[in-house]
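Below is one structure, written out as structure tokens; comments come after it.
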Amino acid sequence: MKTNIKIGIVAIVALLCGQVVNAQKKHDLTVKLSHPSKPGVLNADLFTGSVKITGYAGNEVVITSSLPNDPDKISTAEKDNIVKLKVEQPTVVDFTIMVPRNFSVVLKILAAGNVTIDNLTGDQDIAISAGDVTMTNIDGSVSVNTKKGNVTVDMAPKMMNNAITLSNVQGIISLTIPTTQKANVKLQTEFAKVTSDFEIEKPSADQPSNKHIEGKINGGGSEILMRSVGGSIYLRKKK
Amino acid sequence: MEDIELEIKILDYLQERLSAAERFELEKLLKTSPAFAQQFAEVKQAWEGLDLRKAPKVSADSKTNFQAMLRTFEMQQEHQSLISRILAIFRYKPKYNWAYAIALLCIGALGASIFFRPVSNNVIGDNATSEMQNKILMTLNSDKTIERIKAVSYVRDKKNVNDNIINALLTTLDNDPNENVRLVTLDALFKLADNAKVREGLVNSISHQHTELMQVALADAMLKLQEKRSVNPLKTLLKKQDADDDLVKKQLEQTVQKLESI
């Protein structure tokens, strides 16, 4: 009786594993790199859908999509470590993508979609029409532009001389950088407030302080520009 | 054979320059003709008395000494002539008055240009930084957004920027496909707005901006610069605004009102 139960459990587990493997086979695209371990670029051109990109300790780009592979809708190509992912209009598809940690990302979403990017050391260039962009543990230059959506960027503990430009029309923009980071900052919004726990050395005293702050932190260095029309702006110290 | 010819033959014989046949003929004549033998003896005596091989040789030292003396003499001559020529220049010659005047003018102009040379700190655009300038212009055409942002940020730190870079920035402001690049470019140009060309470029750019954020940012820049020429293009923009862009419309209207009241 006990043996039967054991066999039954093993059979169920095997079945479940098989299904998972099957499911991954169906929706996974693995892209090999021309120069594994060297920096690369993920160049993604999407229509609508959410994207989660994570840096991992591997040497391949693993793309998991919510749709079965269909070359007419989703195409990939690789040349000299530049991986291109293109989605034809009007395909709606979500992606989970694993890339080596030293990857840069150039992502365009024509319509709408939320974007999450974690653990990368390359430059990040995100331009979407609508949707939230959330980045964590990034050590590279960052440019995020969304029309409507929150932008939250949390940089790596040791940030180098990076340029950061974050902008939107509506939605909160929040940037967290190391306490000791040297930077020239320009933070401006029209219908909300600019808040920072950094001491910002202003060139002149007559700046309107709650909508537009411009100056240096820790003596000046990296160029940081955060600009909104209707959204609040937060520049925070990394705790 | 004439005497003189015979004498030459004898000399040739003594210097071993005769062919075998000639030598044989001469030796035969020597045995048969006492007159010739007499002449031969005289010539031979004279030849051996003149033997140049026994003349004292010029030593290498004396040659060197002679060369050195000659060179010293030549140098003294040159030196004297150079000094006298230089001195001659400073000897006042009334017929060259005009030349003195021109020389003084040139010295004055050179001195003034060195003394009043502009301080070139933080200036992109003089010859010394043309390499950097080319690099910026090239990077502004890069296909990487981040690189273009960095190129514009580099210009942002500079006080004086030359026309090539201003033109490139104005083109970027109107045409760059990425809104963030246009945004940082506007910021860089705003800091150079003392330049009339930049100011005019900013006013002209209003009609080229199709995104709300850039329209609002440019309107804000116009208000800060108190640029009344921007009122008409801003009004044109307002007419094109969609009804759902409430915030943007409100901001543009406020800007136009403030600019009109200046």
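Miscellaneous remarks
- Residues of type lysines that B:Lys28 reaches as a straight line, Cα spacing below 24 Å, ignoring anything fewer than 8 places off in the same chain: B:Lys9, B:Lys44
- Equivalent ellipsoid semi-axes - Cα gyration tensor, chain A, angstrom: 40, 19, 18
- Rounded to 5, the percent of DSSP beta bridges in chain A classed as antiparallel: 25 percent
- Part-to-part distance (alpha-carbon centres) for the range A:134-169 and the range B:170-237, which is given in Å: 24 Å
- If you look at the Cα atoms of the range B:125-195, you get an Rg and a Dmax of 11.0, 33 Å.
- Heavy-atom accessible area for B:Glu147, with the other protein chains in place and a 1.4 Å probe, reaches approximately 60 Å².
- Protection proxy ranking of B:182-195, A:51-64, by the mean of other Cβ atoms within 10 Å over each peptide's residues and highest first, is B:182-195, A:51-64.
- The Rg/Rh ratio of the range A:163-207, with both radii computed over alpha carbons and Rh defined as the Kirkwood radius, is 0.93.
- In this structure, the amide hydrogen of A:Ser141, modeled 1.01 Å from its nitrogen in the peptide plane, lies closer than 5 angstrom to those of A:Asp123, A:Gln124, A:Ala163, counting only residues at least 5 positions away or on a different chain.
- Between the helical axis of A:2-27 and the longest alpha-carbon principal axis of chain A there is an angle of about 60 degrees.
- Only lysines eight or more places from A:Lys84 in sequence, or on another chain, were considered; those with a Cα closer than 19 Å are A:Lys32, A:Lys38, A:Lys52, A:Lys73, A:Lys108, B:Lys144.
- Interface between chains B and A: roughly 2200 Å² of accessible area buried, both sides summed (probe 1.4 Å, protein heavy atoms only).
- Built amide H within the under 5 Å cut-off of A:Phe103, gap 5+: A:Gly40, A:Thr121, A:Gly122
- Rolling a 1.4 Å probe over the heavy atoms of the protein chains gives chain A an accessible area of 48 Å² per residue.
- Amide H contacts under 5 Å for A:Thr195: A:Ile233, A:Tyr234, A:Leu235, restricted to partners 5 or more places along the chain or on a different chain, H placed in the peptide plane at 1.01 Å from N.
- Residues of the range A:121-145 with an amide N closer than 18 Å to a point placed 7 Å from the Cα of A:Ile82 along the Cα-to-Cβ direction: A:122-127.
The values are calculated or read from the model by the stated rules, or taken from the named source; none is laboratory data. In this text the structure is predicted, and so the values were computed from the model without any measurement. Cβ: placed from backbone, ideal geometry, glycine included. Neighbour counts: every protein chain shown. Each accessible area value is taken on the protein alone, full model and side chains, heavy atoms only, with ligands, DNA and RNA left out. Shrake-Rupley method; radii C 1.70, N 1.55, O 1.52, S 1.80 Å.
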